[in-house]
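The values are calculated or read from the model by the stated rules, or taken from the named source; none is laboratory data. Because the structure is a prediction, the values reported are computed rather than measured. Every residue, glycine as well, gets a Cβ built from its backbone with ideal geometry; the counts of neighbours run over all protein chains shown.
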2 protein chains.
Amino acid sequence: MRDPVGSEIQRVIQLLARVPGLGPRSARRAALHLVKKREQLLEPLAAALQVVYERITTCTTCGNIDVTDPCCICLDPSRSPHILVVVQDVSDLWALERAAILKAPYHVLGGVLSAVDGVHPEHLNIPSLLQRLENSSITEVVLALNATVDGQTTAHYLASLLPPQLKITRLAHGVPVGGELDYLDEGTLTAAMQQRSLL
Amino acid sequence: MRDPVGSEIQRVIQLLARVPGLGPRSARRAALHLVKKREQLLEPLAAALQVVYERITTCTTCGNIDVTDPCCICLDPSRSPHILVVVQDVSDLWALERAAILKAPYHVLGGVLSAVDGVHPEHLNIPSLLQRLENSSITEVVLALNATVDGQTTAHYLASLLPPQLKITRLAHGVPVGGELDYLDEGTLTAAMQQRSLL
């Protein structure tokens, strides 16, 4: 006899279980919810995934994902031609875009150096970064990498490679907005105190 | 200018955020993962969802979901014609099938009575249940409903409606297998003690 759950739904469950944030149990719940919301959710999601599958591509200039190459950020003439923001991943690019603080183009490394995970310089988009900086109008490179050991190691490695005439900056350390001192680690508190500013 | 995240991915993120188990933040992570696993995950998931959307239907006999109507459980000749298991939802049917303890057909109520949520008898698949029991060979109805107030209210309500010659049973209460007494509520412990059996 066939599996009572049905091989078609079983397949959706198996695939959903591989989506980060969902496990086998929540994938079953998600699949059932999708089937119940056939017209409002299942059909639009299937169609939207198909569109993304067919059209999405990686920008050969910056490493962002978009339906065009170069991506819409690289094509945006309103962004500063003098600053380049280096990020680890597309998710970091999205986070900075949500904050909408600096109108500048990006360069997505595609990871950070990690001896544990076996990520070496040749695995990152470093050659394309160096190429972009050659004969360009860029004067400042913001290394907007995570404040982790791997992120900071990568920042120092990159700083040693970049042309010396460039201004190389990193994000400030300090108390997160809305953060309570009681819950912060000593490294953050030390940085926040050392870089204290006039009120 | 266009949204830098891209309206196509934005749409996938919005739809994924409506899947139970995923929120706005994890939907972004999931969408990014899908784009990175284009061939291994994104394409198969889009295709599998499309197949389910096109082919899945609700069994008019029992309320299960399947690609055939009657569903494969209703069509299965190896299941007992004398027992019917009443469940709240398709997910409960799947759970009992995973345990594979009783080879019997099911009846999915599609919910339980709830004054708070405004679920009344007319919202549940009760008429089709009564119709199924008429002139049938069914002698026992197992009310496999959740051990919640709403589940048990529904069980008592159903028991009052069902033909009196039927044997009506419910799932046993007791200590879950692997459960520690220390963490169990008093209701469960009382039930487990009252229904204790010889070792």
Filter result (closer than 25 Å to A:Arg79 by Cβ and not in a helix (DSSP H, G or I)) within the stretch A:119-134: A:Leu124, A:Asn125, A:Glu134
Can you find, within the stretch A:135-187, the residue that is nearest to A:Ser91 (Cα to Cα) among those that are part of a helix (DSSP H, G or I) and of a type in the set (D, E, K, R)? A:Asp150
Checking B:Leu49 against (1) closer than 14 Å to A:Ala48 by Cα; (2) within 7 Å of another protein chain (Cβ to nearest Cβ); (3) modelled with pLDDT under 90, only one condition comes out false. Which one? (3)
Of all residues in the stretch B:10-25 being surrounded by 16 or more Cβ atoms within 10 Å (Cβ to Cβ) and outside any helix (DSSP H, G or I), the one that is farthest from the other protein chains (Cβ to nearest Cβ): B:Ala17
Considering B:Arg28, B:Arg38, which residue is surrounded by 23 or more Cβ atoms within 10 Å (Cβ to Cβ) and either of a type outside the set (S, T, N, Q) or touching a residue at least 60 places away in the same chain (Cβ under 8 Å) (or both)? B:Arg28
Tell me, please, whether a residue that is closer than 24 Å to B:Asp117 by Cα and in contact with a helix residue (DSSP H, G or I) (Cβ under 7 Å, 6 or more places away or on another chain) can be found in the stretch B:147-154. no
What residue, of A:Val116, A:Val86, is of a type outside the set (Ser, Thr, Tyr), in a loop (DSSP other than H, G, I, E, B) and at pLDDT 90 or above? A:Val116
Close pairs (9 angstrom Cβ cut-off, 6 or more residues apart or separate chains): at the interface with chain B (Cβ under 9 Å from one of its Cβ atoms) in the stretch A:85-99, part of a helix (DSSP H, G or I) and among the aliphatic types (A, V, I, L, M) anywhere: A:Asp89/B:Leu32; A:Val90/B:Leu32; A:Val90/B:Val35; A:Ser91/B:Leu32; A:Leu93/A:Ile73; A:Trp94/B:Leu32; A:Glu97/A:Ile73
Identify the residue in the stretch B:162-187 that is surrounded by 10 or more Cβ atoms within 10 Å (Cβ to Cβ) and out of contact with any helix residue (DSSP H, G or I) (no Cβ under 9 Å at 6 or more places or on another chain) and, among all such residues, is modelled with the lowest pLDDT. B:Gly187
Please go through the stretch A:124-149 and pick out each residue that is farther than 18 Å from A:Ile168 by Cβ and under 16 Å from the mean Cα position of the chain (by Cα). A:Thr148
Flagged in the stretch A:105-135 as more than 12 Å from chain B (Cβ to nearest Cβ) and over 18 Å from A:Gly151 (Cβ atoms), in numbering order, are A:Glu122, A:Pro127, A:Ser128, A:Leu130, A:Gln131, A:Arg132, A:Leu133, A:Glu134, A:Asn135
Inside the stretch B:62-82, can you point out the residues that are β-branched (Val, Ile, Thr) and buried (at least 18 other Cβ atoms within 10 Å of the Cβ)? B:Ile65, B:Ile73
Considering the stretch B:134-161 alone, what residues qualify as being surrounded by 17 or more Cβ atoms within 10 Å (Cβ to Cβ) and free of Cβ contacts under 8 Å to residues at least 60 places away in the same chain? B:Ile138, B:Val141, B:Val142, B:Leu143, B:Ala144, B:Leu145, B:Asp150, B:Ala155
Starting from the stretch A:57-70, take each residue that is at the interface with chain B (Cβ under 10 Å from one of its Cβ atoms) and touching a residue at least 40 places away in the same chain (Cβ under 8 Å) and list its partners that are surrounded by fewer than 21 Cβ atoms within 10 Å (Cβ to Cβ) and in a strand (DSSP E or B), counting only C-beta distances under 8 angstrom and pairs at least six apart or across chains. A:Asn64/A:Thr58
Is it true that A:Val142 is touching a Leu at 6+ places or on another chain (Cβ under 9 Å) and modelled with pLDDT of 85 or more? yes
Total residues in the stretch B:110-130, condition surrounded by 12 or more Cβ atoms within 10 Å (Cβ to Cβ) and without any contact (Cβ under 8 Å) to a residue 40 or more places away in the chain: 8
Some residue of the stretch B:41-53 being assigned to a loop (DSSP other than H, G, I, E, B) and either surrounded by fewer than 21 Cβ atoms within 10 Å (Cβ to Cβ) or under 26 Å from the mean Cα position of the chain (by Cα) (or both): no
